[in-house]
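Structure, as structure tokens:
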Amino acid sequence: MKRALILMLLATAASAQQPNNPTTEQPAQPGMYIGVASCANSGCHGATTPLQSTRIRQNEYFTWLHSDRHAGAYNILFNPLSAKIVKNMHLGKKAYQEKLCLDCHTTNVPPAMVSGRIDIEDGIQCETCHGPSSGWRGEHAQQGWTHAQSLERGMTDLRDTRVRGHICNHCHVGSPEKEVDHDLIASGHPFLAFELDNYTETMPPHWNPNDTHGVPAWAVGQAMAFRDSMSTLAHHARGEKWPEFSDMSCYNCHHALKSSGWRQERGWPGRPGLPAWSPQRWAVLRMIVPESDRAPLDDAVARIAARVSRMNDPAGVAAAADDAKKAIENAIPKIYARSWSAADVRPMIVALASERDTDVHAAEQRALSLQTLATVLTRRDHKLANGPLLKAIDALFADLKDRDDYDPARFGAKLDAVRNAL
């Protein structure tokens with residue numbers, strides 16, 4: 001609370017120094033980061049309760065500071081696990097000093113892009129998602145100033161689910177600039193799971209309900225995660241560390257030979273025993289992509305799976321990833337434009353519950369998707385809240401709690417229960 005009070009006082013002092021007629025000022029240079037203190041004034045975003053006097057809640061800063069995990073992202077770098085990771089990675093600094101860690105756990109931008117004060121202790125602060133605010137912070141609350149003007153001056157358009165997904169994916173899915181790769185996972189970093197709407201809605205919202213959440217965010221989020229994962233895959237294949245094992249299904253290698261009989265029962269998509277490409281970003285998306293766009297994606301995904309598993313054709317992997325990225329980019333506008341009714345959501349739940357995954361991370365993505373879609377249905381039909389559907393989906397997550405104990409057959413039986421519940 002002390003930190004919140006200090007930031008609010010700083011923001012109030014900064015506001016007091018502004019001239020009475022800010023419209024006479026020369027506009028600030030866009031693209032510069034000012035810092036979270038500029039948002040914390042109680043008359044802006046720092047109220048302790050929603051004021052409901054404008055189209056925004058005005059307690060966004062308070063919600064972020066006290067309830068949003070992004071605000072505490074930097075503090076994670078002081079725990080024992082973070083210390084173990086940097087030790088295993090043979091890094092020269094503490095986790096809370098390493099750029100590798102700070103890039104995702106803080107708003108770590110070059111000093112040349114900072115015109116105010118960025119404290120790494122603030123973790124993932126407002127401008128990380130909403131964009132550097134120097135070009136619009138002072139103007140966006142003025143009468144007559146439009147959202148479009150803020151976008152022109154550097155604000156990120158988070159109302160566009162394609163943009164929102166891409167912003168989140170930078171850390172939660174990975175990008176050529178920063179990612180949780182196999183080195184980090186082997187050193188102890190948790191394997192990241194992410195589904196745009198699910199993860200957004202489980203955070204305390206600092207926005208009013210709107211039509212950019214729910215099924216539209218889920219569908220576009222799946223497409224954007226696949227698109228961005230293709231950029232990373234192509235980057236891996238063209239880099240010096242190929243093969244990158246984080247692109248592959250973990251349990252092809254990390255399993256006990258004694259209990260691997262189900263692999264022989266299932267068979268292999270290609271040559272027996274080769275590690276498989278992880279389908280976690282494709283398993284759900286393939287059910288969303290319009291039929292007219294499926295053929296080029298199916299072809300590119302088949303080539304990716306074949307070439308990744310052989311590990312000796314990085315150029316072919318990169319080319320197939322580029323093709324897949326281009327194909328999904330052609331489909332994304334249609335996915336973005338689609339409207340979803342309850343009549344669309346119900347058969348999608350049935351279809352998702354009818355598929356089977358041997359890859360635990362694909363199964364995890366399926367469970368997250370089912371939870372998102374079931375939540376949407378529950379909001380539309382409150383009778384479902386106390387029915388068997390949500391309980392059956394909760395059972396999926398209980399089965400995924402320990403990834404090392406994942407059993408495809410057992411998980412499949414629980415998917416049957418979801419389908420039967422609906």
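Taken together, the values in this text are just the output of simple stated rules run on the coordinates, not laboratory data. In this text the structure is predicted, and so the values were computed from the model without any measurement. Here the Cβ is made from the backbone with ideal geometry for all residues, glycine too, and neighbour counts use every protein chain on show.
What do you get for trypsin sites (Lys or Arg not before Pro) in segment 87-155 restricted to DSSP loop and a cutoff of at most 15 other Cβ within 10 Å of the site's Cβ?
Of the trypsin sites (Lys or Arg not before Pro), the ones in loops of segment 87-155 whose Cβ has at most 15 other Cβ atoms within 10 Å are LYS93, LYS94, ARG117.
Rounded to the nearest 500, what is the 222 nm mean residue ellipticity of the chain from helices alone, with -39500 (n - 2.57) per DSSP H run of 4+ residues and division by all residues?
-15000 deg cm²/dmol
Please give the helix 161-172 orientation as an angle from the longest Cα principal axis of the chain, in degrees from 0 to 90, rounded to the nearest 10.
80
With the contact rule set at Cα under 8 Å and sequence spacing of 6 or more, what percent relative contact order holds for segment 309-422?
The value is 29 percent.
List the residues of segment 343-361 whose backbone N lies under 19 Å from a point placed 7 Å from the Cα of ALA413 along the Cα-to-Cβ direction.
Flagged as within label range: 353-360.
Express the relative contact order of the chain as a whole percentage, based on alpha carbon pairs under 8 Å and six or more residues apart in sequence.
Once normalised by length, the contact order is 13 percent.
How about LYS326: which lysines have a C-alpha closer than 17 Å to its C-alpha, ignoring those fewer than 8 places off in the same chain?
LYS334
Return the long-range amide H neighbours of MET248 (sequence gap of 5 or more, or a different chain), with a cut-off of under 5 Å between placed amide H atoms.
Correct list: SER278.
Build a GNM of the chain with springs between Cα atoms under 10 Å: which of SER339, SER134, SER249 gets the top mean-square fluctuation?
Result: SER339 has the largest fluctuation of those listed.
Select from LEU100, THR54, ASN88 the residue farthest towards the positive end of the dipole of segment 53-111; place +1 on Cβ of Lys and Arg, -1 on Cβ of Asp and Glu, and compute about the Cα centre.
Of the candidates, ASN88 comes out farthest on the positive side.
Excluding residues fewer than 8 places away in the same chain, name every one of the aspartates and glutamates whose C-alpha is closer than 17 Å to that of LYS87.
Within reach: GLU98, ASP181, ASP183.
Taking the number of other C-beta atoms within 10 Å as the exposure measure, put LEU396, LEU233 in order starting with the fewest.
Ascending Cβ contact count within 10 Å gives the list LEU396, LEU233.
Rounded to the nearest 10 degrees, what's the angle between the helix 215-237 long axis and the longest principal axis of the chain, both from Cα atoms, 0 to 90?
Orientation of helix 215-237: about 70 degrees from the principal axis.
Give the cross-link partners of LYS84 among the lysines, using a straight C-alpha distance below 23 Å as the criterion and excluding same-chain residues fewer than 8 apart.
The reachable lysines, counting only those whose Cα sits under 23 Å from LYS84, are LYS93, LYS94, LYS99, LYS178, LYS241, LYS401.
Could you let me know the centre-to-centre spacing of segment 43-89 and segment 275-289, using Cα atoms, in angstrom?
32
If I take the Cα coordinates of segment 313-396 and project them onto the principal axes, what are the three extents in Å, biggest first?
Between the extreme Cα coordinates on each principal axis of segment 313-396 lie 52, 31, 15 Å.
Go through segment 271-318 and name the trypsin sites (Lys or Arg not before Pro) that are in a DSSP coil and have 13 or fewer other Cβ atoms within 10 Å of their Cβ.
Answer by residue number: there is no such site.
Quick one: length gained pulling SER67 to GLU177 fully straight, 0.36 nm per residue minus the C-alpha distance?
Going from the current span to full extension adds 36.8 nm.
Full-extension gain between MET311 and TRP207, please, as 0.36 nm times their residue separation minus the C-alpha to C-alpha distance.
32.9 nm
For helix 388-400, what angle does its Cα long axis make with the longest principal axis of the chain, in degrees from 0 to 90 and rounded to 10?
With rounding to tens, the tilt is 80 degrees.
What percent does the relative contact order of segment 134-224 come to when contacts are Cα pairs within less than 8 Å and at least six residues apart?
After rounding, I find 27 percent.
What's the longest bit of the chain with no exposed GluC sites (Glu not before Pro), using DSSP loop states and at most 13 other Cβ atoms within 10 Å as the test?
That would be 241-422.
P(r) of segment 27-77 in 5 Å steps, Cα pairs, percent per bin?
Computed distribution, short to long bins: 5, 19, 21, 20, 18, 12, 4, 1.
Along each of its three principal axes, how wide is the spread of alpha-carbon positions in segment 104-209, in whole angstrom units, largest first?
Sorted largest first, the three principal extents are 52, 35, 24 Å.
If you build the convex hull over the alpha carbons only and average its shadow over all orientations, what do you get for segment 64-141? Give it in nm² to one decimal.
In nm², the orientation-averaged hull projection of segment 64-141 is 6.1.
Quick one: putting +1 on the C-beta of Lys and Arg, -1 on the C-beta of Asp and Glu, what dipole do you get for the chain around its Cα centre, in Debye to the nearest 20?
Charge dipole, the chain, about its Cα centre: 460 debye, nearest 20.
Can you give the alpha-carbon Rg of segment 272-422 over 2.2 N^0.38 Å, where N counts its residues?
After normalising by residue count via 2.2 N^0.38 Å, the value is 1.16.
Note the full-extension length gain between GLU121 and ASN330 as 0.36 nm times their separation in residues minus their Cα-Cα distance, in nm to one decimal.
Length gained between GLU121 and ASN330: 71.2 nm.
Please work out the Kirkwood hydrodynamic radius for segment 35-190, using every pair of different C-alpha atoms, and report it in angstroms with one decimal place.
It is 17.1 Å.
Check which residues have an amide H placed less than 5 Å from VAL114's amide H, if you skip close sequence neighbours.
For VAL114, whose amide H was placed from the backbone, the distant partners under 5 Å are TYR33.
What trypsin sites (Lys or Arg not before Pro) does segment 342-379 have in DSSP loop regions with at most 16 other beta carbons within 10 Å?
Counting only loop positions with at most 16 other Cβ atoms within 10 Å, the trypsin sites (Lys or Arg not before Pro) in segment 342-379 are ARG356.
Using the number of other C-beta atoms within 10 angstrom as an exposure proxy, rank SER187, SER369, SER82 with the fewest first.
Lowest to highest Cβ neighbour count: SER187, SER82, SER369.
Do any cysteines of the chain lack a neighbour Cys whose Cβ is under 4.7 Å away, and which are they?
CYS39, CYS44, CYS101, CYS126, CYS129, CYS168, CYS250, CYS253 - these cysteines have no disulfide-compatible partner (Cβ-Cβ under 4.7 Å) in the chain.
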